[in-house]
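Peer 1: What follows is a structure written as structure tokens; I'll ask about it next.
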Amino acid sequence: MRRLSTKSQFVALLYGQLSGASSLREIITGLESHAARLYHVGAHSVRRSTLADANARRPVAVFAGLLASLMQRAHRGLRRKLAETTYLIDATGVRLNEHSAGWARFATGVCGAKVHVIYDAAADRPIYAAVSAAKVNDITVAQQMPIEPGATYVFDLGYYDYAWWAKLDAAQCRIVTRFKRNTPLAVIEELPVPEGGNILSDRIGFLPVRQRNPMQDAVREVQVTSEAVKILRILSNDLDAAAEEIAELYKRRWAIELFFRWVKQVLRITGFLGTSENAVKIQIAVALIAFLLLRLAQAGQKAIASPLRFARLVRANLMHRKPLDRLLDPEPRPIYNPAQLALQWHLS
């Protein structure tokens, strides 16, 4: 492992993500076929066993730190007024095999991990990510997440914790989530709702009084009908916004589901190159770095609007020196010199 630099390890794993390689052997073979080009990025071909050892033993902190730095840099130019900043919080599961049982066993014969993300839907980019074993509750990880005072946070039932809500509320954050079906609301005021819409009711009241419930201030309950003809009870600590705005904010939560689906379909986040906790976390970190690099690269050109199409074109042209806005252009024809003899080859 000492002979493999962290940079060469990163380049190899990033190549695997962007090229769609499904195994270490496929990564190594691909890199060997482009050995001459690796020189220009300061990397070199690696051995399969050496890369496997590095993934298992080299601390994930360096890759997690690179991801955090890139998320901060990617988000820096997109700062908006706090009133316009909406963050979505959710987690997605990834299946692991029995070789990961030592750290990721979830149930008998079932192993898995979770990727926890704070996602900026307006920018289409994550701003925070963490990986845990699947058995770790979502709220346990959320309690360690950074909070941006004044921002809006939208999340689902996996984060049903009054103490955490109170922490967000104390930071002047707006909360939009769902009531559990059996959670009562002590109503103190019924607000009018527009006729003929999907808003069924709009009420202000108090959550149940419990020994460990620090949410003592009044909250809002907006009942809406969803497309699946299901009644949703949406909870918010915003008592002033229109009910339609609260409902629309909760509807935006599905953007993070689309983000998870895109990453799983386009990048290598469902099939893993190692089984240790370190190797899995490194691969997920590099996958999210690849996502951010694709988004930043796409923003640098205007020829290709579709993120999926752009990612496919990057994959097809990965090891070619080509301007980003020329990915759709055909390869230039060889320069013909009339002073040179041209031989015509005909295969029978």
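Peer 1: For Arg2, indicate whether it is under 30 Å from Arg178 (Cα atoms), at pLDDT below 90 and surrounded by fewer than 15 Cβ atoms within 10 Å (Cβ to Cβ). Give the steps one after another, and end with the answer.
Peer 2: On the way: under 30 Å from Arg178 (Cα atoms): no; at pLDDT below 90: yes; surrounded by fewer than 15 Cβ atoms within 10 Å (Cβ to Cβ): yes.
Considered against the rule, which asks whether it is under 30 Å from Arg178 (Cα atoms), at pLDDT below 90 and surrounded by fewer than 15 Cβ atoms within 10 Å (Cβ to Cβ), Arg2 comes out as no.
Peer 1: Residues of segment 31-69 being of a type in the set (Gly, Ala, Ser), touching a Ser or Thr at 6+ places or on another chain (Cβ under 6 Å) and under 18 Å from Ala316 (Cα atoms), which ones? Outline the logic, then answer.
Peer 2: Our first condition is that a residue be of a type in the set (Gly, Ala, Ser); within segment 31-69, this holds for 33, 35-36, 42-43, 45, 49, 52, 54, 56, 61, 64-65, 68-69.
Now narrow it down to the ones that are touching a Ser or Thr at 6+ places or on another chain (Cβ under 6 Å): 35, 43, 56.
Across segment 31-69, the qualifying residue is only Ala35.
Peer 1: Can you confirm whether Gln9 is among the polar types (S, T, N, Q) and either open to solvent by 70 Å² or more (accessible area, probe 1.4 Å) or part of a loop (DSSP other than H, G, I, E, B) (or both)? It would help to see each step written out before you state the result.
Peer 2: Numbers: among the polar types (S, T, N, Q): yes; either open to solvent by 70 Å² or more (accessible area, probe 1.4 Å) or part of a loop (DSSP other than H, G, I, E, B) (or both): no.
Spelling it out, it is not the case that Gln9 is among the polar types (S, T, N, Q) and either open to solvent by 70 Å² or more (accessible area, probe 1.4 Å) or part of a loop (DSSP other than H, G, I, E, B) (or both).
Peer 1: One residue is enough: does segment 310-322 have a residue meeting the conditions at pLDDT 85 or above and within 17 Å of the chain's Cα centre (by Cα)?
Peer 2: Yes - at least one qualifying residue is present in segment 310-322.
Peer 1: Show the residue pairs that are 6+ apart or on different chains and have beta-carbon atoms under 7 Å apart, the first residue being within segment 311-327 and within 12 Å of Gly300 (Cβ to Cβ), the second being part of a loop (DSSP other than H, G, I, E, B) and open to solvent by less than 70 Å² (accessible area, probe 1.4 Å).
Peer 2: Hits for this filter: Leu324/Gly300; Leu324/Gln301; Asp325/Gln301; Asp325/Ala303; Leu327/Ile304; Leu327/Asn317.
Peer 1: Filter segment 323-348 down to residues that are open to solvent by less than 100 Å² (accessible area, probe 1.4 Å) and modelled with pLDDT of 80 or more and give me whichever is nearest to Arg73 (Cα to Cα). Full working, then the answer.
Peer 2: Here is the first cut: in segment 323-348, the ones open to solvent by less than 100 Å² (accessible area, probe 1.4 Å) are 323-325, 327-329, 337, 339, 342.
If we keep only those that are modelled with pLDDT of 80 or more as well, we get 323-325, 327-328.
On the way: Pro323: 22, Leu324: 20, Asp325: 22, Leu327: 25, Leu328: 28 Å.
So the residue we want is Leu324.
Peer 1: Moving on to the next point. Which of the residues that make up segment 91-111 are within 14 Å of Asn278 (Cα to Cα) and within 24 Å of the chain's Cα centre (by Cα)? It would help to see each step written out before you state the result.
Peer 2: Step one: filter segment 91-111 for residues within 14 Å of Asn278 (Cα to Cα), giving 96, 99-104.
Once the filter is applied, which keeps residues that are within 14 Å of Asn278 (Cα to Cα) and within 24 Å of the chain's Cα centre (by Cα), segment 91-111 yields Leu96, Ser100, Trp103, Ala104.
Peer 1: Still on this structure: What are the residues in segment 175-190 that are surrounded by 14 or more Cβ atoms within 10 Å (Cβ to Cβ) and not in a strand (DSSP E or B), if any? Outline the logic, then answer.
Peer 2: Filtering segment 175-190 for residues surrounded by 14 or more Cβ atoms within 10 Å (Cβ to Cβ) gives 175-179, 185.
Answer for segment 175-190, where residues must be surrounded by 14 or more Cβ atoms within 10 Å (Cβ to Cβ) and not in a strand (DSSP E or B): Phe179, Leu185.
Peer 1: Okay, moving on. Taking segment 248-290, which residues are without any contact (Cβ under 8 Å) to a residue 60 or more places away in the chain, closer than 22 Å to Gln9 by Cβ and not β-branched (Val, Ile, Thr)?
Peer 2: Within segment 248-290, no residue meets the criteria.
Peer 1: Can you find a residue that is closer than 30 Å to Cys111 by Cα and among the hydrophobic types (A, V, I, L, M, F, W, C) anywhere in segment 233-242?
Peer 2: Of segment 233-242, the ones closer than 30 Å to Cys111 by Cα are none.
Within segment 233-242, none of the residues are closer than 30 Å to Cys111 by Cα and among the hydrophobic types (A, V, I, L, M, F, W, C).
Peer 1: Could you check segment 191-307 for helices (runs of 4 or more DSSP H) lying wholly inside it with 1 or more residues that are modelled with pLDDT of 95 or more and within 30 Å of His99 (Cβ to Cβ)? Give the steps one after another, and end with the answer.
Peer 2: On the way: elements: 243-251, 254-266, 277-299.
The qualifying helices (runs of 4 or more DSSP H) are 254-266, 277-299.
Peer 1: Same structure again: What's the number of the condition Leu292 fails, among (1) in contact with a Gly (Cβ under 8 Å, 6 or more places away or on another chain); (2) under 30 Å from Val62 (Cα atoms)?
Peer 2: Tallying (1) in contact with a Gly (Cβ under 8 Å, 6 or more places away or on another chain); (2) under 30 Å from Val62 (Cα atoms), Leu292 fails exactly one: (1).
Peer 1: Here are some residues: Ala21, Ala36. Which one is on the phi < 0 side of the Ramachandran plot and in a helix (DSSP H, G or I)? Show your work before the answer.
Peer 2: On the way: Ala21 fails: in a helix (DSSP H, G or I).
Criteria check complete, one pass: Ala36.
Peer 1: Still on this model: What number goes with the only condition from (1) touching a helix residue (DSSP H, G or I) at 6+ places or on another chain (Cβ under 6 Å); (2) open to solvent by less than 50 Å² (accessible area, probe 1.4 Å) that Leu38 does not pass?
Peer 2: Answer for Leu38: the failing condition is (1).
Peer 1: Does Glu245 fit the bill of being among the acidic types (Asp, Glu) and out of contact with any Lys or Arg (no Cβ under 7 Å at 6 or more places or on another chain)? Please lay out each step first, then the result.
Peer 2: Numbers: among the acidic types (Asp, Glu): yes; out of contact with any Lys or Arg (no Cβ under 7 Å at 6 or more places or on another chain): yes.
So Glu245 passes the test.
Peer 1: Here is a further query. Name every residue in segment 214-229 that is more than 13 Å from Phe179 (Cα to Cα) and open to solvent by less than 10 Å² (accessible area, probe 1.4 Å), in order of residue number.
Peer 2: Taking segment 214-229 as the starting set, the residues that turn out to be more than 13 Å from Phe179 (Cα to Cα) are 214-218, 225-229.
Those that are more than 13 Å from Phe179 (Cα to Cα) and open to solvent by less than 10 Å² (accessible area, probe 1.4 Å): none in segment 214-229.
The values are calculated or read from the model by the stated rules, or taken from the named source; none is laboratory data. Predicted model only: the values in this text are computed from it and were never measured. Note that we place each Cβ from the backbone using ideal geometry, even for glycine, and neighbour counts take in every protein chain shown. Surface accessibility is based on the protein's heavy atoms, side chains included, excluding ligands, DNA and RNA. Shrake-Rupley method; radii C 1.70, N 1.55, O 1.52, S 1.80 Å.
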